[in-house]
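For reference, the structure discussed in these notes is given below.
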Amino acid sequence: MPPMLSREYLRDRTDDYRKALQDRGATVDLDRFIDLEGERRRTIGRVESLKAQRNTVSQEIAALKKGKQDASAQIAAMKEVGDEIRALDARLADIEQNLRDVELYFPNVPHPSVPVGPDESSNRVERTWGARPEFDFAPKPHWDLGEALGILDFERATKITGTRFAILLGAAAHLSRALAAFMLDSHTRRGYREILTPFMVNADSMTGTGQLPKFEEDLFKLQGEKQYYLIPTAEVPVTNLYRDEILDASTLTQAFCSYSPCFRAEAGAAGRDTRGLIRQHQFEKVELVKFTMPDRSWDEHEKLTHDAEAILQALNLHYRVVTLSTGDMGFTSAKTYDIEVWLPGQNTFREISSCSNFLDFQARRANIRYRTADKKTGFVHTLNGSGLPLGRTLVAVLENYQQKDGSVVIPEPLRPYMQGMERISAA
């Protein structure tokens, strides 16, 4: 596995990275890295010097033997040199492992356009789309609507499994399925290739995309002989599709859309969003993932975000796009746009998609490279975004399309996927 960030960058621009860590509010052992990296380079220098010495003396030994002269002193000296080289090689292996253990906790460097701030209060609104729906009654939150319509059951889900689970019944289950098909059809028409992956991955895959080792407490790990994890998002298996591979640069950009269930322990979200479908341990999502060349990744980031927005526009749902601040964006991201949809039943905007450019950060962890026609190689850039989560989109439809009589109108683009159903009403 290559370094997570270029070691040249970390060595030569240490102060810049310290500033990036300060902006993120992140604490890592950068001094430990600097010490280990210094020792690594000194040790490599010593090994190379010893090997050069060994080569020179080996030639002397050969000449002495050819001339029938005694070479025992040189041979003894070279045995000591060989022993030292083996000891240094072992030390280098230890240093390399220690470096990787430290580097795995180093977050990505924020792009200069990212607002600096400690948390979501520093996020910057970039644009809004659509208008808030107007009601001549007090709009209800989706949990009240769903239970009144008999299409959401949280109580029995808790009985069956536990808190932060839900059962979708009848029209809600059908609507969720319709949303998945609508999203996949929309994205494939925009050039994404649909892919269905395993819903379990190994530890190497989780490490490649940055969930391990730092965020293990947020994952569901399976018991048994194999070390498998339930995926928190299709980003993990799709990004690892090309782990340890070299892609032909002429095939990039590659864009995938993938439906999957997602499983998250939500260990860091205790007490948040305990009602409804907003923050569940299990949910479903359509994910967008791109592999691209470094000189195209920022353009692809804008396109990917607009592709996620297109779903909300087609459903005529009011939303805004915000750039996350340095203290609010994810560990692996260089820049993230959050798309926040308006939920009238809760009288607030809520995140419905995060669209991120990771630059070469994930590709370095997963060792995903490209090769150009002139045989030059480098690390690809990876991007991903929700396009969209089914549960939160269902929430947005229920709350924005609710009627005074408690029914919910089905948005027109979804009706072909709902066998022509135009409205959800209580049985």
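The values are calculated or read from the model by the stated rules, or taken from the named source; none is laboratory data. Here the structure is a predicted model, which is why all the values come from computation and not from measurement. Positions of Cβ are generated from backbone atoms using ideal geometry, with glycine treated the same way; all protein chains shown enter the neighbour counts. For the accessible areas, the whole protein counts, side chains as well, though only heavy atoms, and no ligand, DNA or RNA atoms are used. Shrake-Rupley method; radii C 1.70, N 1.55, O 1.52, S 1.80 Å.
For the reader, a short list of remarks on this structure follows.
- A DSSP coil position with no more than 16 other Cβ atoms inside 10 Å describes the following GluC sites (Glu not before Pro) in segment 108-151: Glu134.
- Choice from Asp83, Asp35, Asp70 with maximal GNM fluctuation in the chain (Cα, 10 Å cutoff): Asp70
- Amide proton proximity set for Ala265, modelled H, under 5 Å, gap of 5+: Leu219, Phe220
- Within the accessible surface of segment 336-398, defined with a 1.4 Å probe on protein heavy atoms only, the carbon and sulfur portion equals 39 percent.
- Percent antiparallel among DSSP beta bridges (both partners in the chain, rounded to 5): 90
- Axis of helix 297-314 versus longest Cα principal axis of the chain: the two differ by about 20°, to the nearest ten degrees.
- Protein accessible area in segment 1-120, 1.4 Å probe - carbon and sulfur %: 49
- Per-residue Karplus couplings for segment 335-342, computed as 6.51 cos²θ - 1.76 cosθ + 1.60 with θ equal to phi - 60°, are listed in order as 6, 9, 9, 9, 9, 10, 8, 7 Hz, Gly and Pro entered as x.
- Summarising the amide proton neighbourhood of Glu194: residues at separation of 5 or more, or on other chains, whose placed amide H is nearer than 5 Å comprise Cys257.
- Taking 1.306 mPa s as the viscosity and 10 °C as the temperature, the Stokes-Einstein diffusion coefficient of the chain based on its alpha-carbon Kirkwood radius rounds to 65 µm²/s.
- Once C-alpha pairs closer than 8 Å and six or more residues apart are averaged by separation and normalised to the residue number of segment 310-416, the relative contact order reads 23 percent.
- Taking trypsin sites (Lys or Arg not before Pro) across segment 312-397, the ones in a DSSP loop with at most 11 further Cβ atoms lying within 10 angstrom of their Cβ are Lys375, Lys376.
- Rolling a 1.4 Å probe across the protein heavy atoms gives the chain an accessible surface of 48 Å² per residue.
- Around the amide H of Glu287, modelled in the peptide plane, lie the amide H atoms of Ser258, Tyr259, Ser260, Gly387, all under 5 Å away and 5 or more residues distant in sequence or on another chain.
- Surrounding net charge for Glu155, when Lys and Arg each add one and Asp and Glu each subtract one, Cβ distance under 15 Å: +1
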